[in-house]
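Engineer: Input: one structure, supplied below.
The numbers here are math on the coordinates, done by the rules we state, and not lab data. Fair warning: this is a prediction, and the values are worked out from it, not measured in the lab. No Cβ is skipped: glycine too gets one built from the backbone with ideal geometry, and neighbour counts run over all protein chains shown.
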């Protein structure tokens, strides 16, 4: 038996068809393949972070200034297990947001501290997910309401809570108010050190602190 | 028997003579009256409702209509010989109804004016005259209408003008003469010669007309604060059936008085035809935008498809390349190639100096575009303006064929490949992609995917080449990776695996327009073969 006929992929191999344009032979599309091709987030977004107390959130800032608000990879809820996601934050239901036209007319105007959604964990803790930036609410990810567990598995970006559109003139100030990837990692380190000091000095441990070693592992993987 | 038939024949003859005399009498009476009012020979024919070629020789036609040709006709008319014409008083006998529009003097003036314009710059075989006439002229026609009614009573209708209207007469008389003298053909889509005519009494008469309008249509005047007197209003409302002669006479004379001044030729403005040049383009570069890409007043990319094509095709038709509009049946992203038979496009060239494109010239343009090394055009041809709708339907309704280079995180399996062989069509819901969301409204659009067929690169089991056929308007990149779940289903959700797109080619657009044309001439083809 020859090796070729053994190959189950044989019927699926791509064959380039020759074509000449501008007197040049058109290169096969496969020539452009890159092993280390950056991800969608790496290609078009810049990662920024926002802390609400010690709890980190991530803002994916698109080059066209559209922002995706997500949980930071070190958000404590990810380790506790996500139980529910709710855009009805009490006085207003963010999922009722409607925008019209190019200018996204009618979108809710949010401040960085405005609560975007409520998130509860399997351990019973509730987090108020903040908007992180000042801007207009364009879209909320209602798929998270039906399947909150998605947040734990989804690739980076897909677990976004909402899409916000900041004003052009506010962009510089907004970016300055957020933490860059470097600043974020720095801040995490400080928080960790602070907590481990508390751990040493204080034997009482609450649920959050038991999760800490896990978090450290995650951070090491990230860096 | 013989007697009876002879009698009948005599009787018939008798009747014929009477009819003949009656008709004759009327034409003669009409012409005599018109002549007494200072109406020129051409306009006399207008009132005799002459047709096309009958205006060519006024005297001959008058004779045919059994109208006596007298001195006045010869003096005021085209047939005048130069030596008979008084040196200074060439303007005498200005027709009271056309104000000299149909005089030979005016024809000469018009012709000289056209030749003195940029006319020679235009390489067009077809022309059309667009003459803007003063309202005075319309008033003259109306005054004569009233006069004829008074003179001939019920024989002159109150709804239909008694003459061949000036506008029509311009087409019948001036057009053929000017076309012949310039050796051009008439065509409504040809080079447009805009001629502006004014008359000294225009302002004064319009003022009177405003007053007359209030008088004649008091009901309308009551609720209309500002009355716009327009040519259209004159044409529609000012007829003996709608305006009383007595009202009209309060402001204007019936019949119209003779005038001192003829119409004045104020300006001649040339407007070349709008020429549409169609073809199909292919794009080789992954670093070339569709149209100039400008952000905050700065160019992001040096060149564009639009500019390359216009640069090589435009100068043949116009000096003003900036006035050319580039349209295509959809567009691809900067980093997407367009291969196969290419994408249909059209250049809309206003005020073109020529409207034809020879195959030889088109082939030279195609070759010139090829030298860019980035864009290639084929099937270059001039198309009718009506065909432009084709390109828009192509944009919205047609199937598009794509080839995408996609990457998996793991080596492909037969199972994965099988999931990506989808011969039947399915529907997706696609939200406006984030990359354009800042400037486009948020919508969820249903789109049909007609088929998906995946292959794998030999020796690189993570690299898939996926052929996708979709409804126009589908965002392919988002269809592949799903864009954070904003396009569902996506190839990623179908697989249940991460899949990203690295490169995209358009390989076909299902629009068989413009028609295929091989511009390479047989001789040149032979030459390449020898090489």
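Engineer: On a 0 to 90° scale, report how tilted helix A:212-222 is relative to the longest principal axis of chain A, with both axes built from alpha carbons and the result rounded to the nearest 10.
Structural biologist: Computed tilt is about 30 degrees.
Engineer: Compute the acute angle (0 to 90°) between the alpha-carbon long axis of helix B:359-370 and the principal axis of greatest extent of the alpha-carbon atoms of chain B; round to the nearest 10°.
Structural biologist: Rounded to the nearest ten degrees, it is 40.
Engineer: Using a Förster distance of 41 Å, how high is the FRET efficiency between residue A:93 and residue B:462, based on the Cβ-Cβ distance and rounded to 0.05?
Structural biologist: 0.40
Engineer: Here is a follow-up. At 0.36 nm per residue, and after removing the present C-alpha to C-alpha distance, how many nm does the segment from residue B:300 to residue B:207 gain when stretched out fully? Show your work: numbers first, answer last.
Structural biologist: Values: separation 93, 0.36 × 93 = 33.48 nm, distance 5.76 nm.
Working it through step by step, the gained length comes to 27.7 nm.
Engineer: How would segment B:89-271 be classified by its alpha-carbon gyration tensor: rounded, prolate or oblate, with rounded meaning a/c under 1.5 and the a/b versus b/c comparison settling the rest?
Structural biologist: Verdict is prolate for segment B:89-271.
Engineer: For the residue pair residue B:123 and residue A:83, what label-to-label distance in nm results when each label sits 7 Å from Cα along the Cα-to-beta-carbon direction?
Structural biologist: 8.2
Engineer: List the extent of the Cα atoms of segment B:386-531 along each of their three principal axes, largest first, rounded to whole Å.
Structural biologist: 57, 43, 30
Engineer: While we're on this one: Given a Förster distance of 45 Å, report the FRET efficiency between residue B:440 and residue B:235 from their Cβ-Cβ distance, rounded to the nearest 0.05. Intermediate values should be presented prior to the final figure.
Structural biologist: Numbers: r = 46 Å, r/R0 = 1.03.
E between residue B:440 and residue B:235, to the nearest 0.05, is 0.45.
Engineer: Tell me, what are the semi-axes, in whole angstrom and largest first, of the equivalent ellipsoid of segment A:1-127 as set by the roots of 5 times the Cα gyration tensor eigenvalues?
Structural biologist: Taking √(5λ) for each Cα gyration eigenvalue gives 46, 24, 15 Å.
Engineer: For the protein assembly as shown, what number results from the quotient of the Cα radius of gyration and 2.2 N^0.38 Å?
Structural biologist: Working it through for the protein assembly as shown, the quotient is 1.49.
Engineer: Round to the nearest 0.05 the FRET efficiency obtained for residue B:228 and residue B:253 when R0 = 30 Å and r is the Cβ-Cβ distance.
Structural biologist: 0.75
Engineer: If I stretch the segment between residue B:132 and residue B:424 completely, what's the gain in nm (0.36 nm per residue apart, minus their alpha carbon distance), one decimal?
Structural biologist: 99.0 nm
Engineer: Taking Rh as the Kirkwood radius computed over C-alpha pairs, what is the Stokes-Einstein D of segment B:275-396 at 20 °C in a medium of viscosity 1.002 mPa s, expressed in µm² per second?
Structural biologist: Rounded to a whole number, D works out at 147 µm²/s.
Engineer: Roughly what would the spin-label model give for residue B:381 and residue B:29, points 7 Å off Cα along C-beta, in nm?
Structural biologist: Distance between the two pseudo-spin positions: 6.1 nm.
Engineer: How large is Rg over Rh for segment B:458-515, taking Rg from the Cα atoms and Rh as the Kirkwood inverse mean of 1/r across Cα pairs?
Structural biologist: Taking Rg over the Kirkwood Rh, I get 1.05.
Engineer: Tell me the Kirkwood radius of chain B: reciprocal of the mean inverse pair distance over distinct alpha-carbon atoms, in Å.
Structural biologist: Evaluated on chain B, it is 29.7 Å.
Engineer: Right, another one. Sorting A:169, A:139 on the 10 Å Cβ count, fewest up front, what's the list?
Structural biologist: The fewest-first ordering by Cβ neighbours comes to A:169, A:139.
Engineer: If you stretched the chain out fully between residue B:266 and residue B:521, how much longer would it get, using 0.36 nm times the residue separation minus the C-alpha to C-alpha distance? Each step should come with its number before you reach the end.
Structural biologist: On the way: separation 255, 0.36 × 255 = 91.80 nm, distance 4.76 nm.
Separation in residues times 0.36 nm, less the Cα-Cα distance, equals 87.0 nm.
Engineer: With everything on Cα atoms, drop me the angle between helix B:202-216 and the longest principal axis of chain B, reported from 0 to 90° to the nearest 10.
Structural biologist: Rounded to the nearest ten degrees, it is 90.
Engineer: In whole Å and largest first, what semi-axes does the C-alpha gyration tensor of chain A yield when each eigenvalue is scaled by 5 and square-rooted?
Structural biologist: Ellipsoid half-lengths, sorted descending, are 39, 27, 19 Å.
Engineer: I'd like the distance separating the alpha-carbon centroids of segment B:245-304 and segment B:448-498, in whole Å.
Structural biologist: That distance is 46 Å.
Engineer: Would segment A:154-199 count as rounded, prolate or oblate if I go by the C-alpha gyration tensor, calling it rounded below 1.5 in a/c and otherwise prolate when a/b exceeds b/c, oblate otherwise?
Structural biologist: oblate
Engineer: Further question: Within a 10 angstrom radius of the beta carbon, how do B:329, A:25 rank from fewest other beta carbons to most?
Structural biologist: A:25, B:329
Engineer: Separate question: Describe numerically, in nm with one decimal, the distance between label points set 7 Å from Cα along Cα→Cβ at residue A:111 and at residue B:51.
Structural biologist: Simple spin-label model gives 8.5 nm for this pair.
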